[in-house]
Amino acid sequence: MTPPRLTLRAGEPVWLPPRLAHRRPRYPRLDGAHRADVVIVGGGITGAIAALRFAESGIDAIVLEADRVGHGSTAASSALLLQEPDCGLAALAERYGTAKARRIWRLSHDAARDLIALLEGSSTPCALARRDTMYYTTDADAVAPLQREYAARCRAGFDVTWLTPRALRVDVGIPARAGLRTRGSACCDPLRACDGTMRAAVRAGALVFERSAVRRIEPRRGSVRVRTAGGVVEARQVVIATGYATRQFRPIAGRFDLSHTYVLATPPLDARARRELGLADVLLWDTRRPYHYARWTADHRLLLGGADRPLRGGRPAAARLAAAVAEVRAHFERVLPALAGIPIAQAWEGRFANTPDSLPYVGPHRRYPQHLFALGYGGNGMTFGSLAGRLLLDLWHGRTSADHALFAFNR
């Protein structure tokens, strides 16, 4: 029996206008018996990157997507390609020690750089734009912790600039008490980024099947059998790149907290409206937990996000969305007063899985032979998806290092 699937988004993200439907690639359903070296379950950005990395290395890869490629949590993303993990460097150092924390941050920086380079070389334009990140606080009691974070980043050799209230007002356009500016991040259209990456994987030799939900996974000695309603794949390994632990993996589901997150989009704004708002073209996020964030799109919409809530039943999706829209809007109207006169054109709800340290799990689990996992990306899904692609390929080849231990289930 197929376990019921969790809906990964609600509402209409700006990345899914109906006029683009006929331009996107369509892949067939899985039918009949197939063989591969590796089966990747999940056709979001992580599955696409993994498929590309495996196929480029001459490994026969098959991707199985339950719906359409990129239409799950990837389509709900606001696509901030941040170098910085959700958990600050100072906080990670307290948890794991200075050396491990610095290495995690370096790997995150490198993964963002690699993903940006991959998308810049893609044949599918995805509105990729390099942007500075502004990490700020409006709370007086958060200034001292932010100073400690600044010092930790400086000591570790990361490029970071301290922003005073005046600099935030003049250079960024927000009233805030302090902030950190970093260079090297980016933003994009996540659905087009996923499409382009999956197309590249197909050109490299991967096979992709949509509307092919996995019903059962049967580990065997030295192999695995993956079944859908219409077919079966025999492979050496299966990679679970679904973003969260589905109900087929109940023993590890407790390691993840599932949350709703919300994104609002204005209509495209003309130059006058953008000047009145006054927000610079940056990636903006604050020190609160859960945090709020904002960025501009290529067609001059302002995206506003936040209001993350634990995933619980009971309240209808429409009511949750309406409450979150009001909360996010109220927050940003305090930061950007001119926003009060601007309508919200679209809003949507996404789901994501977080872990206690806000870092993903990438690698094997002792309970599941012939499996590799890439789950629990938090708010850094695209960046950690890029990192997962490299780590998974290493594991396939039997290469392990201290880096793999940083993201292992037993860390």
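I need the full set of residues from region 258-273 which are in contact with a Leu (Cβ under 8 Å, 6 or more places away or on another chain) and more than 12 Å from S78 (Cα to Cα), in order please. L258, S259, H260, T266, L269 - these are the residues of region 258-273 that are in contact with a Leu (Cβ under 8 Å, 6 or more places away or on another chain) and more than 12 Å from S78 (Cα to Cα). Under the condition of being in contact (Cβ under 8 Å) with a residue 60 or more places away in the chain and either surrounded by fewer than 15 Cβ atoms within 10 Å (Cβ to Cβ) or aliphatic (A, V, I, L, M) (or both), the residues counted in region 309-326 number 4. Filter region 212-224 down to the residues that are touching a Ser or Thr at 6+ places or on another chain (Cβ under 9 Å) and either acidic (D, E) or not in a strand (DSSP E or B) (or both) and list them by number. Within region 212-224, S212, A213 meet the criteria.
For a quick check of your reading of the model, give me the residue pairs whose first member lies in region 49-69 and is open to solvent by 20 Å² or more (accessible area, probe 1.4 Å), whose second is among the aromatic types (F, W, Y), with beta-carbon atoms closer than 9 Å and at least 6 apart or on different chains. These pairs meet every condition: S57/W396; D60/F54; E65/Y27; E65/F209. If you go through region 241-263 and keep only what is open to solvent by 30 Å² or more (accessible area, probe 1.4 Å) and in a strand (DSSP E or B), you end up with T242, D257, L258.
With respect to the conditions (1) open to solvent by 30 Å² or more (accessible area, probe 1.4 Å); (2) within 30 Å of D60 (Cβ to Cβ), G196 falls short on a single one, namely (1).
Within region 102-142, the residues that satisfy the criterion of being of a type in the set (K, R) and surrounded by 20 or more Cβ atoms within 10 Å (Cβ to Cβ) are R102, R131.
Kindly establish whether A51 is over 28 Å from W296 (Cβ atoms), in a strand (DSSP E or B) and at pLDDT 95 or above. It would help to see each step written out before you state the result.
Details: over 28 Å from W296 (Cβ atoms): yes; in a strand (DSSP E or B): no; at pLDDT 95 or above: yes.
Considered against the rule, which asks whether it is over 28 Å from W296 (Cβ atoms), in a strand (DSSP E or B) and at pLDDT 95 or above, A51 comes out as no.
For region 24-43, check the following and say yes or no: at least one residue is part of a helix (DSSP H, G or I) and either modelled with pLDDT under 95 or open to solvent by less than 10 Å² (accessible area, probe 1.4 Å) (or both). Taking every residue of region 24-43 in turn, none turns out to be part of a helix (DSSP H, G or I) and either modelled with pLDDT under 95 or open to solvent by less than 10 Å² (accessible area, probe 1.4 Å) (or both).
Within region 327-355, the residues that satisfy the criterion of being closer than 24 Å to H71 by Cα and either of a type in the set (D, E, K, R) or part of a loop (DSSP other than H, G, I, E, B) (or both) are I344, A345, E349, R351, T355. Looking across region 356-375, the residues that are closer than 15 Å to P251 by Cα and either aromatic (F, W, Y) or not in a strand (DSSP E or B) (or both) come down to Y361, R366, R367, Y368, F373. What's the total number of residues in region 357-407 that are open to solvent by 20 Å² or more (accessible area, probe 1.4 Å), touching a His at 6+ places or on another chain (Cβ under 9 Å) and either closer than 15 Å to S108 by Cβ or of a type in the set (A, V, I, L, M, F, W, C) (or both)? Selection size over region 357-407: 1.
Can we say V238 is more than 20 Å from T133 (Cα to Cα), at pLDDT 95 or above and either more than 24 Å from the chain's Cα centre (by Cα) or open to solvent by 10 Å² or more (accessible area, probe 1.4 Å) (or both)? Show your work before the answer.
Details: more than 20 Å from T133 (Cα to Cα): yes; at pLDDT 95 or above: yes; either more than 24 Å from the chain's Cα centre (by Cα) or open to solvent by 10 Å² or more (accessible area, probe 1.4 Å) (or both): no.
Considered against the rule, which asks whether it is more than 20 Å from T133 (Cα to Cα), at pLDDT 95 or above and either more than 24 Å from the chain's Cα centre (by Cα) or open to solvent by 10 Å² or more (accessible area, probe 1.4 Å) (or both), V238 comes out as no.
Select from region 164-193 the residues that are open to solvent by 10 Å² or more (accessible area, probe 1.4 Å) and either in a helix (DSSP H, G or I) or out of contact with any strand residue (DSSP E or B) (no Cβ under 9 Å at 6 or more places or on another chain) (or both) and list them in ascending order. Matches in region 164-193: P165, R166, A167, R169, V170, D171, G173, P175, D189, R192.
Look at (1) crowded, with 16+ Cβ neighbours inside 10 Å; (2) under 22 Å from the mean Cα position of the chain (by Cα); (3) not in a strand (DSSP E or B) and you find that Y291 fails only one, number (1).
For R399, the test of being within 30 Å of L89 (Cβ to Cβ) and in contact (Cβ under 8 Å) with a residue 24 or more places away in the chain is failed.
Checked across region 265-274, the condition of being touching a residue at least 60 places away in the same chain (Cβ under 8 Å), assigned to a helix (DSSP H, G or I), within 19 Å of D171 (Cα to Cα) and not β-branched (V, I, T) holds for at least one residue. Does region 372-393 contain any residue that is over 16 Å from T46 (Cβ atoms) and modelled with pLDDT of 95 or more? The answer is no; no qualifying residue exists. For region 143-157, the candidate set comprises residues that are open to solvent by less than 20 Å² (accessible area, probe 1.4 Å) and not acidic (D, E); within that set, the residue that is nearest to A176 (Cα to Cα) is L146. The set of residues in region 349-371 being small (G, A, S) and modelled with pLDDT of 95 or more consists of G363 alone. Is one or more of the residues making up region 225-237 over 30 Å from A144 (Cα atoms), part of a loop (DSSP other than H, G, I, E, B) and among the hydrophobic types (A, V, I, L, M, F, W, C)? Yes, region 225-237 contains a residue that is over 30 Å from A144 (Cα atoms), part of a loop (DSSP other than H, G, I, E, B) and among the hydrophobic types (A, V, I, L, M, F, W, C).
The values are calculated or read from the model by the stated rules, or taken from the named source; none is laboratory data. Values in this document were obtained by computation on a predicted structure and should not be read as measured data. When we count neighbours, we look across all protein chains shown, and the Cβ atoms used for this are built from the backbone with ideal geometry, even at glycine. Accessible surface is based on the protein model in full, side chains and every heavy atom, while ligands, DNA and RNA are left aside. Shrake-Rupley method; radii C 1.70, N 1.55, O 1.52, S 1.80 Å.
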